[in-house]
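The values are calculated or read from the model by the stated rules, or taken from the named source; none is laboratory data. Treat the numbers as computed from the prediction; the structure is a model and nothing was measured. Note: ideal-geometry Cβ built from the backbone for every residue, glycine included; neighbour counts use all protein chains shown. In case anyone asks, the SASA skips ligands and DNA or RNA and just uses the protein heavy atoms, side chains included. Shrake-Rupley method; radii C 1.70, N 1.55, O 1.52, S 1.80 Å.
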Amino acid sequence: MSMPGLKKGSGISPRVSEGLLFVVSAPSGAGKTSLCKEVIKYIPNIQHSVSYTTRSSRPSETDGTDYHFITEGTFRKMIEDDAFIEWAIVHGNYYGTSKKDLGVLLSRGIDIILDIDSQGAMQIKKRFKNGVFCYVLPPSFEHLIERLTVRKGDTPKEIKRRLKVAREEVKDYRMYDYLIVNDDFDRALGELKAIITSARIKMDRINPAWVEYNFFERRGG
Ligand code: 5GP
């Protein structure tokens, strides 16, 4: 048994080289952003993709780290230039993921975590076979109201609008592969870590050339 084009040597990776795409969505206030930020502290070789948005920055946010904050004119120009792998209007603002940023990271073998809404998730699902789709929900709608009310930076009008959108958005939960109920942050984080780890070791991520070299060719029959 021999693999055509297989290069002999110890540099063969046991996994396929292209990074995986983890898409995490949730209604506002479910704790998804905190989960995504926290998980990359524990798991190596995964990065959060920084989205582009026309929304104004909140006091706690930094341009280029939390989002790339841009004008609507710039965003529209990026749409025209086909610069987004997905984009959507959420709560009246534009949000999008740069095709180039994503491509560079994935081709370097870095896994990406995308914290995006379900409209964006659906666009990604159509384009990527290897996406892993996770939905995060609080234990109940009442928890969502509570979490959105205590979060600083949103006006009451904005909170009301977000709740309305949240109720609509939750209907999309079935298109995701995993549901994380965020009633306990550490447990939810553990579940997200487990999803990432298991996706990485799935059989379709294994590089057959590695098995071939280590268990057949090198042994000399
Ligand atoms: P927020 O303004 O609270 O940071 O985010 C509002 C919503 O926009 C969240 O559901 C968030 O996941 C989503 N979002 C953030 N970045 C993107 C993006 O690049 N694309 C899409 N489709 N949604 C995004």
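Pairs linking a residue in the range 38-58 that is on the phi > 0 side of the Ramachandran plot to a residue that is away from the ligand (no atom under 15 Å from the Cβ) and open to solvent by less than 30 Å² (accessible area, probe 1.4 Å), with Cβ atoms under 7 Å and 6 or more positions apart or on different chains, are N45/I110; N45/D111. Each residue in the range 92-131 was checked for being outside any helix (DSSP H, G or I) and more than 23 Å from D154 (Cα to Cα), and 12 of them qualify. Determine if the range 105-124 includes at least one residue that is open to solvent by 20 Å² or more (accessible area, probe 1.4 Å), farther than 15 Å from A26 by Cα and within 14 Å of the ligand (Cβ to nearest atom). The answer is yes, given that some residue of the range 105-124 is open to solvent by 20 Å² or more (accessible area, probe 1.4 Å), farther than 15 Å from A26 by Cα and within 14 Å of the ligand (Cβ to nearest atom). With a requirement of 2 or more residues that are within 15 Å of the ligand (Cβ to nearest atom) and under 14 Å from I196 (Cα atoms), the strands (runs of 3 or more DSSP E) lying completely within the range 34-84 that satisfy it span 46-48. The one condition from (1) of a type in the set (A, V, I, L, M, F, W, C); (2) open to solvent by less than 50 Å² (accessible area, probe 1.4 Å); (3) at pLDDT below 95; (4) away from the ligand (no atom under 12 Å from the Cβ) that A30 does not meet is (4). Taking the criterion of being buried (at least 16 other Cβ atoms within 10 Å of the Cβ), more than 14 Å from the ligand (Cβ to nearest atom) and assigned to a strand (DSSP E or B), no residue of the range 10-27 qualifies.
This table checks each residue for (1) charged (D, E, K, R); (2) open to solvent by less than 80 Å² (accessible area, probe 1.4 Å).
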| position | (1), (2) |
| --- | --- |
| Y135 | no, yes |
| F141 | no, yes |
| P156 | no, no |
| K171 | yes, no |
| R174 | yes, no |
| L179 | no, no |
| I201 | no, no |
| Y213 | no, yes |
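Examine the range 120-134 for a residue that is polar (S, T, N, Q), modelled with pLDDT under 95 and under 19 Å from L20 (Cα atoms), and state whether such a residue exists. Yes: one or more hits.
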